[in-house]
Every structure is written in structure tokens, then in C-alpha cells.
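Below: one structure, written as C-alpha cells.
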Amino acid sequence: MADGKGMATTGSPDLGALESALRREQKKVSLVQEVSRALSTVGDLDALLRLIMEKVTVLMEADRSTLYLVTEDGRQLWSKVIQGGERVEIRLDVGEGVAGWVAQTREIVNIPEAYADQRFQPAWDVKSGYRTKSMLVIPMKTHRDEIVGVLQLINRKRDADVRLASPDIVEREIQTYDLRAVELVTAMASQAAVAIENSRLYEDIERLFEGFVTAAVTAIEARD
């Protein structure tokens, strides 16, 4: 429908909203590309994992995030990188809590309301005074389909600058992780898993080489 000047008055798109959405998508693509470049340029695994978590937290406008690694015996998860919240080491048994459940089942968990989910453990919220609402928890799988860790995002904010100072603000500002978010975070989790797998393979090669050198030196000394 048009007015007397031929301008649309109803049904016209909000150009400002479209431009804002386009900028957000461009930012997401840029962050994913930055992580992809870092995979081939950053040699320090710890620095690379911190970079991945920093970018994915910004990308998803999450208030908090944690990257857990599975221990060598496959029985526990240890927090490796924490964004937001207290920087304390967290250890979970595989199967314990949401992250432990994901490590055990290898399934993605997307929770709109944490307190309505039986897998969520509210004890940490009670202790810290925090309010967890939305969660996205992704298993980190290698090319060999092994679980090396879990990537967990908490409380996706409508406005990245909002401070979640009260339960009322949490209820008003926190939104659910949508399908697009799940796809992007899954891709980032895969990149992190590849980085971990490559680092461990490199360590294995170093150990094999050191063993070979030791054996060779021992053989030479024995012959002499």
C-alpha cells in the first residue's frame, strides 16, 4: 500500500534492522575466519584455545563460557579456558552435570531454561549468586570421532554490553541459542578439537623421535 507520493507505508522492510543484521553476520564470518587463520599460524595450543574461546564468546554474545578437556583416562572433564566468571579450576566426572552428560553421550545440548533441565546442577549458581538461564553445550570431536572436550556457553544476551546484575535482568535480556548459533559453535568446537588432536599427534611424534634417538645412542654405546 502507498500514500499519495507513491511511498510504501505498510509492509516495507526496516532498513536499519536489515543493516544491523547484516553487520552482525559479517562480524560472525570475520571471527570464524580469524580463528581459521590462527589454526595455521598460532603454535601455542593454550594460546590458540584461549583465542577460540574469546572469539566464540563474542560471536555468540554469551555472558560466560568454558572449554573443558577430557582427561587421558576418559573419566573426567577439567576446565581449560574460562571466559567470564571466576577463574577457578572445575573438575567434573563424565556424566556429571550438563557438560559431563554431553561428554558421555556425544550429543549437543541446547537449553532455553537451565532450571527446568534435570541435568543442570544449580549448586554453583547458589554459591556464586549467578543466574544461569540459556545454555549451549557442544562436544568437541576429532577427525577420528573421539571426544577430546566440551565447549559450553551460558546466557546468550540480546545486548552484549548488558551486565546481568539481577534475576530480572536475566529474564529480560537472555535469549535461547538458535539453529544458526548451534551451527557456528559446532564449527568452532570442531576447530578446537582439530587443534588439540594435532597438538597431541605432534607430542606423540616428539616422544617417538626421542625414543628412537635414545635407543640409537644406547646401541652405539653398547657396540663401542
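Computed over the Cα atoms of the range 80-138, the ratio of the radius of gyration to the Kirkwood radius (Rg/Rh) comes to 0.93. Remark on the range 33-140: Rg and Dmax equal 14.3, 42 Å (Cα only).
Structural descriptor for the range 60-209: relative contact order 23 percent, calculated from alpha carbon pairs under 8 angstrom and at least 6 residues apart. Among the GluC sites (Glu not before Pro) in the range 79-142, those located in a DSSP loop and surrounded by at most 12 other Cβ atoms within 10 Å of their own Cβ are Glu86, Glu89, Glu107.
Since every read-out is calculated from the coordinates, none of them should be taken as a lab result. Please read all numbers here as calculations on a predicted model, not as lab measurements. Counting neighbours? That spans all protein chains shown, and the Cβs are built from the backbone with ideal geometry, glycine included.
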